[in-house]
Amino acid sequence: MSKRYEDASWQESMRLKLDLNNMFAQTIGEEHGYSKEDIDAMQERATKAHKAINEAKEAGELGFMELPESHKEIAKDIKEYVEANRDKYDNFVVLGIGGSALGNIALQTALNHPYYNMNEEARGGYPRLFVPDNVDPDRLKGLLETLDLSKTLFNVISKSGGTAETMSQFLTARAMVVEELGEGAVKDHFVATTSANSGNLIKIAKEEEMKTYYIPENVGGRFSVLTPVGLISAAFTGIDIEELLAGAAYMDKICDTDKLWKNPAYLNATLQYLADQDGKPMSVMMPYAHSLKDVADWYRQLWAESLGKKVNRQGEVVNVGPTPVKALGATDQHSQAQLYMEGPFDKVVTFLEVEKYNEELEIAPGYENISGVSYLGAHSFNELLTVEKKATELALTKNNRLNCTITFPEVNAFTIGQFLYMFELQTAFAGELYDINAFDQPGVELGKQYAYGVLGRGGFAEMKEEFDNRPEKSEDFIL
């Protein structure tokens, strides 16, 4: 069977385009825009950063860069498992949070029918997908009460098996399965995605004889969408995960250079970094396609958790990090655009634009005697959304606001793979510019440790004591 992603001409036709015109002074004005000389002045740092990234990759420290090649065989195994088992289930539930959930949601929203769960024909025999991504009791109980557990497969995702939210979801779902179907049903209704060599979940998975997939030790949660963390749920909803990896491999090839003017990930990171240094720390991602709205959510975690750091690599307190903001065109033209147009000059807006939507929908004609309405009937919704994006872009540019555009020829597995890899590499490169560790999250861990202590997890008694002795809140400030 022909695989389109192996055709070089098709690959080139599906290449993402990064338009940075509106980041430069010739378009945006000298007060806020940059010059070619500004970029050229960063080349030496870029070359140094590129070398550091490659050295870290060779040392096995940047596992996300290995995935497009290393997970080809794993993708085939996942596809075989899905084809052998998908008819057994009506529902596929991801038990995970943060990096174990956001990528799954992004892939589903981007690459499947917008009403996938409600449209049996669109699903084509694949199960519905649910990703609770939280421990809100109303939402989780409502889901578990709604599903037919005998026709549900749960994928519990945690590298350590110690994530409180994930394991609490698992314990509860498992208890309900056991109550309804018996102890022996656990192995048929749970898949574990975890560390191969350590942690609580791998012990449980072996004890319960669950089907198990592994997260590479050198790939952190927010970089894990192209591991089984994201690939399993994608395959269970009919997404071509081999094409997804091929897109990532294609972007890896494009970005295999230290030359800023040739490398979209590096150049974009450089401009975002320069803008942050110039007092523009707000990084807004604004897709003009509903299918890409959760890709922006995925980006928000990637950028925030990777680059928001207290100390640099020398241990000096620097408190750095741009603030990622999620928006959606045209929806947020009516909620956020006023601020972006006339508020403080502290933002960079990244538009996501689609050249060819999956569907063409004409606007119905009507009310010919009302010119303020009837003009719409000569157009399509595709044209309307595209024009609104270009109009917003022009308005921002006219107001001297930094903005850029990433254009998808189509939204498909190959272009999404490109996008995910480009931003993961862009994040690693930005970490080099900030001189921070882009792959840890000590601020997140501290909050987790307090929660562990309060809930009675062994080894965290000191955190409980500190929590219990926290300062009392004054009633003067509670209204």
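The values are calculated or read from the model by the stated rules, or taken from the named source; none is laboratory data. Please read these numbers as outputs of a predicted model, since none were measured by experiment. Here the Cβ positions follow ideal geometry from the backbone for every residue, glycine too, while neighbour counts run over all protein chains shown.
Tabulated results
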item	result
Pairs, first over 15 Å from Asp278 (Cβ atoms) in the range 35-55, second among the β-branched types (Val, Ile, Thr), C-beta under 7 Å, six or more apart	Ala46/Thr270
Failed item in (1) outside any loop (DSSP other than H, G, I, E, B); (2) at pLDDT below 95, with Ser160 passing the rest	(1)
Tally, over the range 2-34, of residues that are under 29 Å from Val284 (Cβ atoms), touching a residue at least 12 places away in the same chain (Cβ under 8 Å) and among the charged types (D, E, K, R)	4
Listing of helices (runs of 4 or more DSSP H) fully contained in the range 168-240 that carry 2 or more residues being surrounded by fewer than 19 Cβ atoms within 10 Å (Cβ to Cβ)	186-189, 200-208
Some residue of the range 82-99 being hydrophobic (A, V, I, L, M, F, W, C), surrounded by fewer than 18 Cβ atoms within 10 Å (Cβ to Cβ), out of contact with any Phe, Trp or Tyr (no Cβ under 9 Å at 6 or more places or on another chain) and within 29 Å of Leu302 (Cβ to Cβ)	no
Of all residues in the range 398-445 being at pLDDT below 95 and acidic (Asp, Glu), the one that is farthest from Leu16 (Cα to Cα)	Glu445
Count of the range 138-157 residues which are hydrophobic (A, V, I, L, M, F, W, C) and either assigned to a strand (DSSP E or B) or outside the structural domain of Ala192 (by TED's automatic domain parsing) (or both)	4
Residue match in the range 45-60 (condition: of a type in the set (Val, Ile, Thr), crowded, with 16+ Cβ neighbours inside 10 Å and within 17 Å of Asp240 (Cβ to Cβ))	no
Listing of strands (runs of 3 or more DSSP E) fully contained in the range 251-354 that carry 1 or more residues being buried (at least 17 other Cβ atoms within 10 Å of the Cβ) and among the small types (Gly, Ala, Ser)	282-287
